Structures are given as structure tokens and as C-alpha cells.
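Undergrad: Following this message is one structure expressed as C-alpha cells.
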Amino acid sequence: MFNKKIKKSIFVFTFILSIASQHQLSAQNTRYNTSNFNAWVALNGQFLITDKWGLHAEVQIRRNEGFSRWQQLLLRPGIFYNINPNLMATAGYAYVETYPYGEIPIAKVAFPEHRIWQQLQLTQRTGSVDVISRLRLEQRFFGDVNAGTFTNTRFENRFRYMLRAVIPLTRDANKVTKLYVPVYDEAFIAFGKNVKYNTFDQNRFGIGLGLNEGKFGKIEIGYLYQYVQQRNLLPDMRQVVENNHTLSITYFSALRLGKK
């Protein structure tokens, strides 16, 4: 049963990427490519209140030109519900502050964004590998990119699908994974009346090395490739495409706040 579900997830993900690739090839002559070196540090927490309900807390500090300049700040709290041991539903709010960065910034000043988001996450085991499929919907409210204030707001929707595999390298005496390789890909699809040029908004591919320290949490360090289509065009009608290379450092913590 799990193998069939995994195959379906892989098929859907491959289908999305194939459409995106065809679209990219057909538009090569209408794009301006640029690249950035970024560094992202993330703190992720899952805090159980009951066996079913819990709190999600996430902070991401994203820097440009290594760690020297701001790229983005993201705060993402939420509430999750464990439908069963393998399926989790989460909903929440996110605040995002995006800064001018790179050769062609998307804005001249830092501007705010408020999001409402919902997601389903399915965890499956195939052999010794954990496979995670995550669907996320976002309702995005952008502030004024010229004034840097939350005025003249623009609304967009975005769909995200991530497929992630956790490959164990070592286990402890209790056969719990200690050292592992996380590898994932996530596609972003924007939609709504305000989306014109970046329906395929971005794609992220990441691979790294993870260490599981049990009650002290997990830490992952790796490489992230981010393909981004900016939403606006240059004066010559070409679209700016970012090919970003990112050092990714993520800490995961899972604690129980309530009594069993």
C-alpha cells in the first residue's frame, strides 16, 4: 500500500517538473539569468500539547552574499493535528520581510508580506528510507514594494509540493537513525488574477547531511539550489530568472508540553 502511494507521489511530482521544464525550454530566449550565493539558517519546532494537537514554530534567517546582507526574514507559527501516525494537518500564519538583494532586486526597499497557510504532510517508510510528501497552500498579501509599507496590497495564491527522502547512514544500539542524508525537491506554483509571468514561481532542490541527537533535536547542513522566476519583466520584456546557490543550516526540535 505504501509503495503504491509513494509511486503516485513520485508520478505527480515528476509530472509537475516535466511541465515546468518544457515551459522553461520554450522561453529561454525571453529570460535574463542571474545568480546569488545565499545562506539560510532555520529553526523549526514541533510542540505537542496532547497526543493529537500541537504548536508549530519556525524562524528563518536568510542572508545574501554569504552572511553579509539580508535577503529575507520569515516567521511562521501554526497549529497542527495528527490525523494518524503518518498524516499531519497544519494551518497557520507567516510574516515575511523581503529585502533588496542580488544583481536585479525585486524591489528597491524592504517590503512586508503576510501569509495564511494550510498543509498536509504524509510520512511513509519504504525499506529503510522515510519518504515525506507535503502539500501546502498559501494565501499571500504583499505590501507596497516601492514604499516598503503594508499599503496598496496585492493578493496571490501559491501551491507547493515537496517530496523528501531521509536516507539513514548509521543507527544506534536501539536501531534509531543517527546520521542520515536528507534529499528533497519542492515545486511552487502561483495562481490567481494577479499572477501574470511567474505561474511556475520557483523550484528548490536540496541535499545535505543530518544528525539526530534524540531529545536534543536534529541538525541538517547542506546545499540548496533555488530556481526563481521574478514576477515582473525588464524594460526589454525579458523575465529575470534567479539561479541561487545556498548554504542551508536547519535545526529541528520536537518537545511535549502537555501531559500524556
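The values are calculated or read from the model by the stated rules, or taken from the named source; none is laboratory data. Note that the structure is predicted; figures quoted are calculated from it, not measured. Positions of Cβ are backbone-derived with ideal geometry, glycine not excepted, and every protein chain shown enters the neighbour counts.
Undergrad: Picking from Phe67, Phe47, which residue would you name as being outside any loop (DSSP other than H, G, I, E, B) and not charged (D, E, K, R)?
TA: Phe47
Undergrad: Among the listed residues Val183, Val166, identify the single one that is touching a Lys or Arg at 6+ places or on another chain (Cβ under 9 Å), in a strand (DSSP E or B) and of a type in the set (A, V, I, L, M).
TA: After applying the criteria, what remains is Val183.
Undergrad: A follow-up question, please. Gly192 passes all but one of (1) of a type in the set (Gly, Ala, Ser); (2) touching a Leu at 6+ places or on another chain (Cβ under 7 Å); (3) under 24 Å from Leu120 (Cα atoms); which number fails?
TA: Looking at each condition in turn, Gly192 falls short on (2).
Undergrad: If you take the residues of segment 78-121 that are among the β-branched types (Val, Ile, Thr) and in contact (Cβ under 8 Å) with a residue 12 or more places away in the chain, which of them is surrounded by the most Cβ atoms within 10 Å (Cβ to Cβ)?
TA: Top of the filtered list is Thr98.
Undergrad: Conditions first: (1) over 26 Å from Leu255 (Cβ atoms); (2) at pLDDT below 95. Asp51 passes all but one, so which condition is the exception?
TA: Failed condition: (1).
Undergrad: Same structure again: Considering only residues that are within 15 Å of Gln46 (Cβ to Cβ) and in contact with a Gly (Cβ under 8 Å, 6 or more places away or on another chain), which ones fall in segment 221-256?
TA: Those that are within 15 Å of Gln46 (Cβ to Cβ) and in contact with a Gly (Cβ under 8 Å, 6 or more places away or on another chain): Tyr251, Phe252, Ser253, Ala254, Leu255.
Undergrad: Whether any residue in segment 140-152 is closer than 26 Å to Asn86 by Cβ, touching a strand residue (DSSP E or B) at 6+ places or on another chain (Cβ under 7 Å) and of a type outside the set (Phe, Trp, Tyr) is what I want to check.
TA: no
Undergrad: Tell me which residues, restricted to segment 212-231, are among the hydrophobic types (A, V, I, L, M, F, W, C) and more than 14 Å from the chain's Cα centre (by Cα).
TA: Matches in segment 212-231: Phe216, Ile219, Ile221.
Undergrad: If a residue must be of a type in the set (S, T, N, Q) and exposed (fewer than 15 other Cβ atoms within 10 Å of the Cβ), how many such residues does segment 122-146 contain?
TA: Number satisfying all stated conditions: 4.
Undergrad: Is it true that some residue in segment 165-183 is under 15 Å from the mean Cα position of the chain (by Cα) and of a type in the set (Lys, Arg)?
TA: Scanning segment 165-183 turns up no residue that is under 15 Å from the mean Cα position of the chain (by Cα) and of a type in the set (Lys, Arg).
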